[in-house]
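Notes follow once the structure below has been shown.
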Amino acid sequence: MKNTKFEFEVTNQEFVNILFDNLEEKIKLIEKELNVKLSLYGNGVKIVGNNNYASAAYNLLIELYELFEKDGNITEQQIRYLINMIKKGKNGISQTLLNYIICTTARGKPIKPKTLGQKQYIDYILNNDIVFGVGPAGTGKTYLAMAMAIRAFKNNEVDRIVLTRPAVEAGESLGFLPGDLQEKIDPYLRPIYDALFEILGYEQYLKLVEKGLIEVAPLAYMRGRTLDNAYIVLDEAQNTTNEQMKMFLTRIGYGSKAIITGDITQIDLPRGKKSGLKNASNILRNIEGIAFMDFESTDIVRHPLVQKIINAYEKFDLKENKDGNFNKQQTK
C-alpha cells in the first residue's frame, strides 16, 4: 500500500520538545503502535505511513496537542490510551476529558477523569444514588469515588462522608488485634487514608475527623445504623459476603449517596463464601437509581505493565475455564 505523508504544524515548540525528549520514547511508542514514521520538520512533525495509520497518527497528534495546551504536559499513559481509542474509531476524546474537573487536591492539582470509562463513572455518580464501580486494579474506582465524595461535601450536598472497608484479613474480629480501635483498623483502611490525605491535606482531614464530618471505619461497624445526608463509600466490596452487602445497602438513609467499589478477580473470602459484590451485580442491575460501571483494562491509569498483566491473567483464566469445562464434559 502506498505511503501517505502528513505534516502536523504547531505554534508551540515546547509541544514538539516534549514529544521528542527523553530519547524520543514517546515518538517511538507512537511509531510502533501505529506503524508510522515521525520526524521533525520546520514547524512541527512529519508523518509517513499508509493512509489509515498516517491519518490515525495525525488525529492522535491533534488530541495530544489539546492535552498539552490545557495541562502543559503529555504522559505515556495518555498516549497509550488515546492510541487505543483512535484504533477503535473514537476521536475528540481530549475535550471530553479536559472539560470536567471534579475538585482540586490540597496542592492545587485538578482531579479529572483520564479515560472515557472514568468519565462515564462520574456521570453515573452524579445521576444515581447508588453506583457500583467494578473492575481491575488501577482504574481509579476508589480514588474517583473519594474525590466525588469530597466534592459533594464541599458543595454542601451532604453533611458528612462515611468511608468503609471489610477487614477480611482479620475476619472482622478486630477485638483480637493489639491496640485501640484506630490502631486495629488502620492497616485495612490505608488506601482510603492515602486518597484523603492527597485530596484534602493531612491537617484538613484531621479537623474534619475531629468534628465527626469524616468517618473511616470497618464494615462491621455499619451494622444497626441509618446514614442520612451522607456520602458513603464502600471499598474492596468483593470481600463482602451476601449478608454484609445487604446490610450495607440497607443503611442508606434520606439524602445519601453510596458508591461501592471492587474487583471480582481479587476475592479474599474464605472458601465457600460467595462475594456480595458478585451477587449484587446479578440482583440489582435493573433497579432505577442504581448504576453499574464495569471498568475495562483500557481504563487502567497506572504503569502500562499493569494493563498487560491484567490482560494476561484474563486470558489465562479464560483458558483455564474452557479447559475445565472441556474436561468435565469428557468425564461425563
| In the chain, what percentage of the DSSP-assigned beta bridges are antiparallel, given to the nearest 5? | 40
| What is the set of long-range amide H partners of Ala258 at a cut-off below 5 Å, with H atoms built 1.01 Å from backbone N? | Ile130, Val131, Ile232
| request: Assign one of three labels to the stretch 262-325, namely rounded, prolate or oblate, based on the Cα gyration tensor with a ≥ b ≥ c the square roots of its eigenvalues; rounded applies when a/c is under 1.5, prolate when it is not and a/b is larger than b/c, and oblate otherwise. | output: oblate
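Give, as a single signed number, the net charge of other residues whose beta carbon lies under 9 Å from the beta carbon of Gln77, with Lys and Arg counted +1 and Asp and Glu -1.
Combined, the nearby Lys, Arg, Asp and Glu give +2.
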| Based on DSSP H runs of at least 4 residues, each adding -39500 (n - 2.57), what is the mean residue ellipticity at 222 nm of the chain after dividing by all its residues, to the nearest 500 deg cm²/dmol? | -15000 deg cm²/dmol
| Can you give the Rg and Dmax of the stretch 91-167 based on its C-alpha atoms, in angstrom? | 13.0, 43
| request: Could you list which residues have their amide H under 5 Å from that of Arg160, counting only those 5 or more apart in sequence or on another chain, with H placed in the peptide plane? | output: Tyr231
| Looking at the square roots a ≥ b ≥ c of the eigenvalues of the Cα gyration tensor of the stretch 73-120, which shape do they give, rounded for a/c under 1.5, prolate if a/b is larger than b/c, or oblate? | prolate
| remark: Expected max-MSF residue from Leu219, Leu163, Leu34 in the GNM of the chain (alpha carbon, under 10 Å) is Leu34
| message | My understanding is that a pair violates if its Cα-Cα distance is over 29 Å; which of Lys90/Lys154; Lys207/Lys246; Lys88/Lys257; Lys2/Lys90; Lys90/Lys274; Lys119/Lys315 do that in this structure? | response | Lys90/Lys154; Lys207/Lys246; Lys88/Lys257; Lys90/Lys274
| query | So how much slack lies between Lys46 and Asp71, counting 0.36 nm per residue of separation and subtracting their Cα-Cα distance, in nm? | reply | 6.6 nm
| note | Note, Thr105: beta-carbon cut-off 13 Å, +1 each Lys/Arg, -1 each Asp/Glu, net +3
| note | Between Asn229 and Ala217, the two model label points (7 Å from Cα along the beta-carbon direction) sit apart by a distance in nm of 1.8
| Kirkwood estimate for the stretch 43-172, i.e. one over the average of 1/r between Cα atoms, Å | 17.2
| Residue-by-residue Karplus 3J(HN,Hα) for the stretch 207-219, coefficients 6.51, -1.76, 1.60, Hz, glycine and proline x | 4, 5, 5, 4, 7, x, 8, 10, 10, 10, 8, x, 4
| What's the local net charge at Thr4, with K and R +1, D and E -1, over the other residues with C-beta under 12 Å away? | +3
| field | 27 Å tail of the calculated P(r), the chain, as % of Cα pairs | value | 53
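All of the numbers you see were taken from the coordinates with simple rules; none came from a lab. Bear in mind that the values here come from a model prediction, so they are computed numbers and not experimental data. Don't worry about glycine lacking a Cβ; one is built from the backbone with ideal geometry, like all the others, and counts go over all protein chains shown.
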